[in-house]
Structures are given as C-alpha cells and as structure tokens.
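The numbers here are math on the coordinates, done by the rules we state, and not lab data. Computed from a predicted structure; not experimentally measured.
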Amino acid sequence: MKRTFGLLCFLALAISPAVAQETPKTETPSQEAPKQEAPKQSTASAPAPKQSIPKYEINASYTYRRFTEENSQVLNMNGWTAAGVYRWKTWLNAEVAFSGAYGRTYPIGAASTHESIYTAFAGPRFYWPGRHKVTPFAHFLLGDGYYRRVSSAYGGFGASAYNDVEFALDIGGGIDVTLRHSDHWAIHLIQVDADQTRFIGGYSGQRNLRYSTGITYRFGER
C-alpha cells in the first residue's frame, strides 16, 4: 500500500511540469495609442505673381549723327535725343521724340560754317510682348526737321544764316537692358535711326544716320 501511494505521488510530480508547459498562455492585448497621420502638404506650387508693365517711360541719350549735305559731303555731328513713351499695349505704344545735333566745317578758301539740326517726331513704338530684362524695340515716326546753317564773315562778305523747316521721317530701333535689382532704370544700350530730311529747298533729300546711347526711366503701372 505504501509503495502504491508513493508510486502515485511520484507520477503526479512528474506529470505536473508537463501539463504546466502545455497550458496556453493568454496574452493581454497591448493598447497602443493610435498613430496620427501628418497632414499632407499640397505639391501644387502657388502661381507666380503677375509682372507689372510700366505705363510710361522716358529716355535721354547722347547722339552721333552723320548728315549728308547737298554736295554729298558728310558732316559728323554730336548732339542729344530725348523720348517719351506711353505703353498703350504690351507690344504697341505711342512715342514722341526730339533730337538736336551740331557740327562745324572749316573749308579751305571759304567761310567756316556752323550747322545744327533739330527734329520732332511722333508715331508708334513696338515692343516684344511681356516684360524682359533685354527689351528690343522698333519704331516708325513722322514729324518735322529744322535746319540752320550760319556762315562766318570771310573775304569781305559778312556773316550769313540759312534756315529751313521740312517734313521728315524716321525708321529705327534699339535695345534696352534693365538694371539688376531695379524696376525703373534701364540702360538705353543702342539705338540706330535712319532719318529722311529734305532741307535746302528743291534738294531731293538727305540721308541721316543717328546712333544713340543713354538711360531709360520707367514708372507707373498698367
């Protein structure tokens, strides 16, 4: 009897670890805080601000003029050009322009002469549409020219003066370059004009070439 009881106790001790290993462990679910999603950023870029177009501009320039006289002699003249522009459209504008040029000749055996030419023009100026750092333009202008020649006294003859006002036209163009970090100032890099004048009555006309360079100032907004 004691042996039987001892055998049963031994079997119970041997079986209990095995039963304990086979008993499934119950895991308590862990409560995790819900993850918050970061707000999505829109990938669409904001529209670029619209560039303003100046409504007015003025420019002042030094001018070199080659004037062909009635005897085919070429007179080199120095002077100035001033212009104002109203920007009616981004590409079509109204322009008024004024110029003056001065030269002197010293012919051998004749009186020296001092000659001056003034012009006043108006007409359309054409720009490439939009606003650019480098802005080419062209214009076609009509107006009047004033010519004055003063001859000094020579050989017993007194000084004399001749004046003439005639119709004139101008076809030309140029390039403006906007200065860095400036919305108003630009370099009037180059302007080339071919003027047609009819000074000195009855003469068929003179060929005039003008080369100008200076500065441009823009203001106002369309």
Once normalised by the length of segment 56-219, the mean sequence separation of its alpha carbon contacts under 8 Å that are 6 or more apart gives a contact order in percent of 22 percent
If I take the Cα coordinates of segment 56-219 and project them onto the principal axes, what are the three extents in Å, biggest first? 62, 29, 22
